[in-house]
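Worksheet for the structure shown next.
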Amino acid sequence: MYLPGSLGGGGDWYDVIPLSGPRVALTVGDVTGSGIEVAAAMGQIRTALLALAIRDIEPEELLSCLHNITVALAPETGEPLTASCLYAVFDPVSRSCTAASAGHAPPLAVTAVGDAIAFDVPVGPLLGTGTGAYEPLRSTVPDGSLLALYTDGLVSASPIGPAAARETLRRLLTQPDSTLRQLADTAVYTLLPDRREDDAVLLLARTRGLDDDRVAQWTLPDDPAVVATARRLADRQLAAWGLDEISFTTELIVSELVTNAIRYGSGPIRLRMIHDRSLVCEVSDGSSTAPHLRHARASDEGGRGLAIVAELATRWGTRFGDRGKTIWSEQHLDNTERTDTPSGRELHQPGGTDTQSHHT
């Protein structure tokens with residue numbers, strides 16, 4: 001929910017950004033000040049954040065890069081430019097949320113039964129100040145938990161005071177029968193009964209993890225002969241998920257990704273398939289060398305692997321971890337909302353988050 005302030009030209013923003021696999025990023029931020037220049041700077045910082053998020057880098061690294069961008073933007077505005085930002089990534093496979101903060105209040109988190117979740121993200125310097133060094137925090141978030149990300153305008157301008165406003169917001173989140181829209185409306189009308197000068201943002205997300213039977217993974221030897229084994233494993237898993245119609249395409253993608261890892265990476269090699277709203281195939285290896293898409297000539301004997309993946313998949317990319325990298329591909333599915341078990345009952349809901357962040 002975004003509430004514009006009476007001064008106009010505010011610098012608050014929020015975004016919900018799909019990442020590779022079923023992961024999703026939640027972010028809120030606030031550029032210091034008000035006016036048309038602040039609103040323009042907010043648009044630039046937000047666009048830069050989206051570009052960095054697409055690179056799928058860790059939250060602390062993203063904020064560090066965003067800090068450098070904010071510093072570079074300051075001469076263009078003619079005034080000192082600073083901003084706060086909270087960036088969190090939820091992974092429904094591990095049911096974990098990793099967040100980092102640049103001068104922004106940590107999120108509030110409660111379980112489905114209303115118990116508070118400790119999520120004291122270390123607060124680093126504002127974007128545009130300090131050294132741009134940020135520390136992440138990873139926390140397990142059970143299914144049905146509620147995350148609340150907000151900007152300072154929601155609590156600092158509350159007539160009951162910032163500390164009491166945060167505690168009130170936490171208490172309001174413990175209403176399990178309320179929808180996200182109802183919770184957002186109740187929180188805003190309770191904390192800000194009158195219009196204030198500063199704008200405010202409240203972003204709510206309810207988490208849902210993926211069932212274990214929606215994820216399959218294998219560790220493979222660093223041997224070219226294992227490519228055929230990887231194709232068979234993928235084919236059997238697709239049959240178990242009732243996705244036989246995309247088996248040919250998926251086998252080609254898996255074959256190219258595993259071959260690429262064997263030729264240019266290092267062991268161990270891991271293949272993971274995730275059945276969510278889309279089908280995700282991931283191949284990880286121990287090398288941090290970044291792959292790149294080549295446009296092979298007709299006379300070239302190789303160099304077409306990633307080009308084939310790019311042609312067959314809806315989207316693909318690379319993300320880097322502490323050790324090695326993961327090349328992933330995503331294929332859209334025509335019908336993933338219904339998943340019938342052998343008894344015919346619909347039991348599965350796609351993993352991820354339900355979010356509420358509407359304009360008023």
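The computed Rg/Rh (Cα atoms, Kirkwood Rh) for the structure shown corresponds, within [x] 1.02; [y] 0.99; [z] 1.06, to [x]. Multiplying the residue separation of residue 225 and residue 174 by 0.36 nm and subtracting their alpha-carbon distance yields 13.0 nm. With the cut-off at under 17 Å, measuring from each backbone N in segment 12-41 to a point 7 Å along the Cα-to-Cβ line of residue 72 picks out 41. Remark: the residue 240-residue 164 segment gains 22.2 nm on full extension, using 0.36 nm per residue and subtracting the alpha carbon distance. Counting only DSSP beta bridges with both residues in segment 77-145, the antiparallel share comes to about 85 percent.
Centre-to-centre, using Cα atoms only, segment 156-235 and segment 37-86 are separated by 23 Å.
Calculated mean residue ellipticity, 222 nm, the chain: -9500 deg cm²/dmol, from DSSP H runs (n ≥ 4) at -39500 (n - 2.57) each, averaged per residue and rounded to 500.
Structural descriptor for the chain: relative contact order 17 percent, calculated from alpha carbon pairs under 8 angstrom and at least 6 residues apart.
Taking every C-alpha pair closer than 8 Å and separated by at least 6 residues, the mean separation divided by the residue count of segment 212-332 gives a relative contact order of 25 percent.
Peptide packing: for 175-183, 104-112, 131-139, the average count of neighbouring Cβ atoms within 10 Å per residue gives the ranking 104-112, 131-139, 175-183, highest mean first.
In terms of overall dimensions, the C-alpha atoms belonging to segment 144-248 reach 68, 30, 21 Å along their principal axes, ordered largest to smallest.
Counting only the Cα atoms, segment 2-209 fills a convex hull of 104 Å³ per residue. A simple spin-label model places pseudo-atoms 7 Å from Cα toward Cβ; at residue 217 and residue 182 they are separated by 3.7 nm. Straightening the chain between residue 120 and residue 156 buys 11.1 nm, computed as 0.36 nm per residue apart minus the Cα-Cα spacing. The DSSP beta bridges internal to the chain are antiparallel in roughly 95% of cases.
Read-outs throughout are calculated quantities, based only on the coordinates presented, and are distinct from any laboratory measurement. Keep in mind it's a predicted model, so treat the numbers as computed, not measured. Backbone-built Cβ (ideal geometry, glycine too); neighbour counts: all protein chains shown.
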